[in-house]
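The values are calculated or read from the model by the stated rules, or taken from the named source; none is laboratory data. All of these numbers come straight from a predicted model, not from anything done at the bench. We place every Cβ from the backbone using ideal geometry, glycine too, and count neighbours over all the protein chains shown. All accessible areas refer to the heavy atoms of the entire protein, side chains included, with ligands and DNA or RNA removed. Shrake-Rupley method; radii C 1.70, N 1.55, O 1.52, S 1.80 Å.
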Amino acid sequence: MIRFLKEGISEEITTQVNSQVRDTVESILQGIAEQGDAKVRELSEKFDNWTPNTFRLSQEQIQACIDSLAEETVRDIKFAQQQVKNFARIQLESLQDVEVETRPGVTLGHKNIPVNSVGCYIPGGKYPLVASAHMSVATAKVAGVKRVIACAPPFNGEPNPAIVATMALAGADEIYCFGGVQAVGAMALGTETIAPVDMIVGPGNAFVAESKRQLFGRVGIDLLAGPTETLIIADDVGCDAEMAATDILGQAEHGPNSPSILLTNSEQLARATMVEIDRQLETLPTAAIAGQAWKDYGQVVVCDSYEEMVKVADDLAFEHVQVMTENPDYFLDNMSNFGAMFLGPETNVSYGDKVIGTNHTLPTSKAARYTGGLWVGKFIKTCTYQRVTPQATVEIGEYCSRLCELEGFAGHKAQADLRVKRYKVA
């Protein structure tokens, strides 16, 4: 039996909030499309109190940001980027061009072609999310994208040196300092000073996610990455209350609307974890945010079996799934809906967020039912082609002609009939 010891905010309230966000974003994007740079500047001043002469950073400004960082910080950034790039290269090697003769004289194939230009959004208004630059910029460059531009909002009234340095070290071709919907809109729609891109990637708040949703079709997107979601799957063999509480709050601090759920088959662990969360919130520096997220969006679910736990977890289809049970591989083998999985108490979501090498831009809001997260393949178009000999075009053409007639497509039929007539040997 599935029992909820704690439930989160109602879906009705969430729907009302989403509707307000949708209307706001629609208005902003329309303004950018009509007014270009002037609207971007107006919005930047309004939301970030930031109006530099130009939003694009010069090479001198970029180098100054790199030089301002401690040597250890630069080494740490490079280490994390190396992990991300290495795994992206491994993924890239798994994508192979193919060409095969499927019938005598019929050759089919596909080519993997990088997208030409990508705009990367790196959040940085609340926290300077250095890691997001690795995940988007570095991965796009490994994929072979020719033009990669990157935007991040100012932090404390100026470009954040760590984010700017990370963008540059990752290989960004153009770096801009402005954020929010105006950054996403400017990259996608273009302005007088910013050439539009073919694809937008990167996480962000609800307004950034909504802007990507509204722009999809005009440009490609990676996925709709909304508020961070974390599911802790635990039993009293693989986990204790301190670890469960630490890992829940470690992700709840992302934002006041970040859901964190404990799913367990141990009611004792569930109740002990709730007590431990309250204790840790007394000293956690980010307790104001994490505590609000836990209060409004936190849940505790108790099941009787692993089978029930898998059902609940797949229904949730959460972004992050951290498994700390006696047999973690059971969930890897049986779950089908998750963004990224972290197996065993030795690993945690923070590793994936920051440094281990897998990408942290992942599906939220149940999108894990139909997509994985950002990876090198998202920047690749798999494009097919075909080649046919004169003899084979007669065989294929005769089949095609009859099938076109079946559907009533006279023009299509004529294309096939012309080949049959021209290449058929008497």
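Details
- For segment 207-269 versus segment 29-79, the gap between their alpha-carbon centres in whole angstrom: 28
- Dipole check for segment 1-85: with +1 at the C-beta of Lys and Arg, -1 at the C-beta of Asp and Glu, and the Cα centre as origin, the magnitude is about 300 Debye.
- Counted residue by residue at 0.36 nm each, then reduced by the alpha carbon distance between them, the extension gain from Leu403 to Phe216 reaches 63.9 nm.
- Computed on the Cα trace of segment 249-307, the radius of gyration divided by the Kirkwood hydrodynamic radius gives Rg/Rh = 1.01.
- Rounded Å value of the spacing that divides the Cα centres of segment 274-352 and segment 385-424: 56
- Carbon plus sulfur fraction of accessible area for segment 99-227, probe 1.4 Å, in percent: 55
- Here segment 270-426 is treated with +1 on each Lys and Arg Cβ and -1 on each Asp and Glu Cβ, and its dipole about the Cα centre works out to around 1380 debye.
- Projecting the Cα positions of Ala152, Cys404, Pro256 onto the charge dipole of the chain (unit charges on Cβ atoms of Lys, Arg, Asp and Glu, taken about the Cα centre) puts Cys404 furthest along the positive direction.
- In summary, the aspartates and glutamates within cross-link reach of Lys421, defined as a Cα separation below 16 angstrom excluding same-chain residues under 8 places away, comprise Glu395, Glu398.
- Just checking the listed ones, Val310, Val164, Val275: in the Gaussian network model of the chain with Cα springs under 10 Å, the one fluctuating most is Val275.
- DSSP loop chymotrypsin sites (Phe, Trp or Tyr not before Pro) with at most 15 other Cβ within 10 Å excluded, longest remaining stretch of the chain: 1-369
- If the segment from Lys381 to Lys6 were pulled out straight at 0.36 nm per residue, it would be longer than the present Cα-Cα gap by 130.6 nm.
- Calculated FRET efficiency for the pair Asn112/Val237, C-beta based, R₀ 41 Å, to 0.05: 0.40
- Loop-resident sites, segment 217-290, for GluC sites (Glu not before Pro), counting at most 10 other Cβ within 10 Å (DSSP): Glu282
- When each of Lys111/Lys146; Lys212/Lys311; Lys141/Lys381; Lys146/Lys378; Lys6/Lys311; Lys111/Lys378 is checked by Cα-Cα distance, pairs over 21 Å: Lys212/Lys311
- Percent carbon-and-sulfur accessible area, segment 281-372, ignoring ligands, DNA and RNA, probe 1.4 Å: 51
- Stretchable slack from Ala410 to Tyr330, in nm (0.36 nm times residue separation minus alpha-carbon distance): 23.3 nm
- Each residue of segment 225-237 was assigned a 3J(HN,Hα) from its phi angle through the Karplus expression (A = 6.51, B = -1.76, C = 1.60, θ = phi - 60°), giving 8, x, x, 4, 10, 9, 10, 9, 9, 9, 10, 7, 9 Hz with x at Gly and Pro.
- Length-normalised contact order of the chain in % [C-alpha pairs under 8 Å, at least 6 apart]: 19
- Taking other residues whose beta carbon is less than 13 angstrom from the beta carbon of Trp375, and scoring Lys, Arg as +1 and Asp, Glu as -1, yields +1.
- Using a cutoff of 8 angstrom between alpha carbon atoms and counting only pairs six or more residues apart, the relative contact order for segment 225-379 works out to 26 percent.
- Net dipole in debye of the chain [+1 Lys, Arg Cβ; -1 Asp, Glu Cβ; about Cα centre; nearest 20]: 2160
- Using C-alpha pairs under 8 Å with a sequence gap of at least 6, the mean separation divided by the residue count of segment 86-150 gives a relative contact order of 35 percent.
- Accessible surface calculations at 1.4 Å, restricted to protein heavy atoms, place the chain at 49 Å² per residue.
- Under 20 Å from the Thr102 label point (7 Å along Cα→beta-carbon), backbone N, segment 383-410: 383-407
- Residues whose amide H lies under 5 Å from that of Gln299, counting only those 5 or more places away or on a different chain, are Ser260, Ile261, Leu262; hydrogens are built 1.01 Å from N in the peptide plane.
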